[in-house]
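No value in this document is a laboratory result; all are computed from the given coordinates. None of the values given here were measured: they were computed from a predicted structure. FYI the Cβ positions are ideal-geometry reconstructions off the backbone, even for glycines, and counts take in every protein chain you see.
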Amino acid sequence: MAISHFYPPKRTLMGPGPSDVSPQVLAALAKPTIGHLDPLFIGLMEETKSLLQYAFQTKNEFTIAVSAPGSAGMETCFVNLVEPGDKVIVCINGVFGQRMKENVIRCGGEAIVIEQEWGRAVDPQTVEDCLKNNADAKFLAFVHAETSTGALSDAKTLCQLAHQHGCLTIVDAVTSLGGVELRVDDWGIDAIYSGSQKCLSCVPGISPVSLSEQAVAKIKNRQTPVQSWFLDQTLVMGYWSGEGKRSYHHTAPVNSIYALHESLLLLQQESLESAWQRHRDQHEVLKAGLLDLGLEFVVPKEERLPQLNTVRIPQGVDDAQVRKYLLEEFNLEIGAGLGAFAGNAWRIGLMGYAARSENVQLCLAALKQALN
Ligand SMILES: *Cc1c(COP(=O)(O)O)cnc(C)c1O
């Protein structure tokens, strides 16, 4: 068969990401490409940096977008901060915590694992006990919003505990940024990474990262060079540090940065507080509808993410068949279960631009028909 141009259908994306991208962000992506060292582009990177500082609620000078997806943001934090022999306490309550552990081991660090029940928040008491028992630990790492289960952990409390015990904090905010309250400076987060395609509703492939002064100092004082050349932030710092100081490191994904800039600008215009509220409001409507359909939530009420709703698949219902039906009949994508929840739960995302009333109504109507 002859290969032809690709025309994707217009889907509604209500899974664990990517989420619906707003038309304005798609339009930004289609603007003319300019050189990545063009003074106008350097200006755009500066603006993107300050928009990211707003989104993260931080004054961290080191606030950038890594030219690769959220997983690369994760790797950036670990590979730069963790040196061989460093002890890292890793909280695992889902798939992404497991990946953190994998990162620590590959950096030559020692992972002290806190295994928690999937579908629950990280338990601060367990973390405190672990910090007490590991006085030589250098970092506490955890996932703020566990997309594999839909659980939200108390990042503020966990960071406080870490600092009381002399640990720096590494936080996965891939799904939380823009969707739920997140305050990097107030909460004392030292290294944080996110993704473009979840609650920022931008195209996939970029990862916002921010590092505190203490984290930057730890990197500058490394005894061994960072093992990854591309992700070595001591090299990237020059690339993101403004006009005059800019030196070539790699070619930025120019058009993707246009898109990220636009999505962050939309977030700033809406305001973070309003975006958080909108996610909560849409979640409440969706929740009521899902309960009406007889579906049960996996995560207890107080620990639930508004932007990622994990519900148990009812007995006798074929998981794959329902998702196929939604995709084919309604152009609607919802997420399958991941890890421990594969085959027995659905993950319904309400992320960023997807957290709208039309989407909630479509999803409820489509699921009702599918279940009948
Ligand atoms: C999606 C996700 C990632 C990985 O991001 P990619 O852009 O897919 O590489 C990491 N952590 C969490 C919590 C996520 O939801």
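If you keep only loop residues by DSSP, which trypsin sites (Lys or Arg not before Pro) in the stretch 26-90 have at most 12 other Cβ atoms within 10 Å of their Cβ? In loop regions of the stretch 26-90 (DSSP not H, G, I, E or B), the sparsely surrounded trypsin sites (Lys or Arg not before Pro) are K59.
By DSSP, the beta bridges lying fully in the chain are antiparallel in about 50 percent of cases. For the pair the stretch 101-116 / the stretch 281-326, the C-alpha centres are spaced 32 Å from each other. Only one residue of F6, L200, T224 has its Cα farthest out toward the positive end of the dipole of the chain, where Lys and Arg carry +1 and Asp and Glu -1 on Cβ, and that residue is F6. Annotated for the stretch 23-268: lysine pairs at least 8 residues apart or interchain, Cα distance under 19 Å, count 16. Determine which aspartates and glutamates satisfy two conditions relative to K287: a Cα distance under 17 Å, and not lying fewer than 8 residues away in the same chain. Within the straight-line limit of under 17 Å, K287 reaches these aspartates and glutamates: E296, E302, E303, E358.
How far, in nm, would the chain grow between H5 and T234 when pulled straight, counting 0.36 nm per residue and subtracting the alpha carbon separation?
Details: separation 229, 0.36 × 229 = 82.44 nm, distance 4.12 nm.
Here the segment from H5 to T234 would lengthen by 78.3 nm.
Show me the GluC sites (Glu not before Pro) within the stretch 77-156 that DSSP assigns to loop and that have at most 13 other Cβ atoms within 10 Å of their Cβ. Intermediate results must be reported in sequence, preceding the final value.
Numbers: sites: E102, E110, E115, E117, E128, E146; in loops: E117.
Passing both the DSSP loop test and the Cβ count: E117.
The distance linking the stretch 190-243 with the stretch 1-46 is 22 Å (Cα centroid to Cα centroid, whole angstrom). So what is the relative contact order for the chain, in percent, with contacts set as C-alpha pairs under 8 Å and at least six apart? Relative contact order for the chain comes out at 26 percent.
Under 17 Å from a label point set 7 Å out along the Cα-to-Cβ vector of E284, the amide N atoms of the stretch 181-205 belong to 181.
Taking T63, T169, T12 as the candidate residues, the one with maximal mean-square fluctuation in a Gaussian network model of the chain, Cα springs under 10 Å, is T12.
So for each of 251-260, 361-370, 315-324 I average, over its residues, the number of other beta carbons within 10 Å; can you give me the resulting order with the highest mean first? Each step should come with its number before you reach the end.
Working: 251-260: 20.0, 361-370: 17.3, 315-324: 11.8.
Ranked from most to least packed, the peptides come out as 251-260, 361-370, 315-324.
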